[in-house]
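Peer 1: Structure provided below as structure tokens; questions to follow.
The values are calculated or read from the model by the stated rules, or taken from the named source; none is laboratory data. As the structure is a computational prediction, the values presented were derived from the model and not from experiment. Note: ideal-geometry Cβ built from the backbone for every residue, glycine included; neighbour counts use all protein chains shown.
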């Protein structure tokens, strides 16, 4: 079955953002899972697993909210069994499903893209449409800090790398590095790192 124009457009946009399309059906814990499309992230988003459910054509029972929920919950359990760290996101492509599809939010992130004006190749017909499409899946896309193409700071990578590149160069880099490293371990570690750096700076000021 060929992809619909909307599904094709979503896949193209996600591939442009660094995701790789997976062959379907794919197997988890000896169970085959069939979805309209599945993509896996890379680099800083390497644990993202995106499923596209085509609610327009209804392939694989995708017009039935109960069947969709059951299939995704089964996949989630299979990932748990294999101790996978993948983070699931489901994109509903087409009409929003009614019923217990809302229960999916307890299992995964759910996004809905009902329509988009795309050309025959699946690309937005203009910049306004492209921006509108991006807004609907913004959480899956790299952080856009609004740099000009010629800006030397415009290194494209994971979100943290882009954020660090955007910070003013006059900032205390030792403090920034310490906070970034500590952020992996939670709020308490960040507070401790901040206190440690402030203590170092005050000590240096006193000694001078």
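Peer 1: For segment 188-208, which residues satisfy the criterion of being at pLDDT below 75 and in a helix (DSSP H, G or I)?
Peer 2: Those that are at pLDDT below 75 and in a helix (DSSP H, G or I): 201, 202, 203, 204, 205, 206, 207.
Peer 1: While we're here: From (1) buried (at least 17 other Cβ atoms within 10 Å of the Cβ); (2) touching a strand residue (DSSP E or B) at 6+ places or on another chain (Cβ under 6 Å); (3) under 21 Å from residue 136 (Cα atoms), pick out the condition that doesn't hold for residue 56.
Peer 2: (2)
Peer 1: In addition: Could you tell me whether any residue of segment 22-33 is touching a strand residue (DSSP E or B) at 6+ places or on another chain (Cβ under 7 Å) and within 23 Å of residue 116 (Cα to Cα)?
Peer 2: For segment 22-33, residues touching a strand residue (DSSP E or B) at 6+ places or on another chain (Cβ under 7 Å) and within 23 Å of residue 116 (Cα to Cα): absent.
Peer 1: So, residue 91, is that one surrounded by 15 or more Cβ atoms within 10 Å (Cβ to Cβ), modelled with pLDDT under 80 and assigned by TED's automatic domain parsing to the domain that holds residue 41 or not?
Peer 2: Details: surrounded by 15 or more Cβ atoms within 10 Å (Cβ to Cβ): yes; modelled with pLDDT under 80: no; assigned by TED's automatic domain parsing to the domain that holds residue 41: yes.
Criteria not met by residue 91.
Peer 1: Then there's this: Here are some residues: 6, 39. Which one is within 24 Å of residue 97 (Cα to Cα), surrounded by 21 or more Cβ atoms within 10 Å (Cβ to Cβ), touching a helix residue (DSSP H, G or I) at 6+ places or on another chain (Cβ under 9 Å) and modelled with pLDDT of 90 or more?
Peer 2: Going through 6, 39 in turn, the sole match is 39.
Peer 1: Quick check, is residue 13 out of contact with any strand residue (DSSP E or B) (no Cβ under 6 Å at 6 or more places or on another chain), assigned to a helix (DSSP H, G or I), modelled with pLDDT of 95 or more and surrounded by 19 or more Cβ atoms within 10 Å (Cβ to Cβ)?
Peer 2: Numbers: out of contact with any strand residue (DSSP E or B) (no Cβ under 6 Å at 6 or more places or on another chain): yes; assigned to a helix (DSSP H, G or I): yes; modelled with pLDDT of 95 or more: yes; surrounded by 19 or more Cβ atoms within 10 Å (Cβ to Cβ): yes.
Yes, satisfied.
Peer 1: Within 23 Å of residue 13 (Cα to Cα) and either out of contact with any strand residue (DSSP E or B) (no Cβ under 7 Å at 6 or more places or on another chain) or surrounded by 19 or more Cβ atoms within 10 Å (Cβ to Cβ) (or both): is that true of residue 80 in this structure? Break it down into steps so the answer makes sense when it comes.
Peer 2: On the way: within 23 Å of residue 13 (Cα to Cα): no; either out of contact with any strand residue (DSSP E or B) (no Cβ under 7 Å at 6 or more places or on another chain) or surrounded by 19 or more Cβ atoms within 10 Å (Cβ to Cβ) (or both): yes.
No; evaluated as a whole, the condition is false for this residue.
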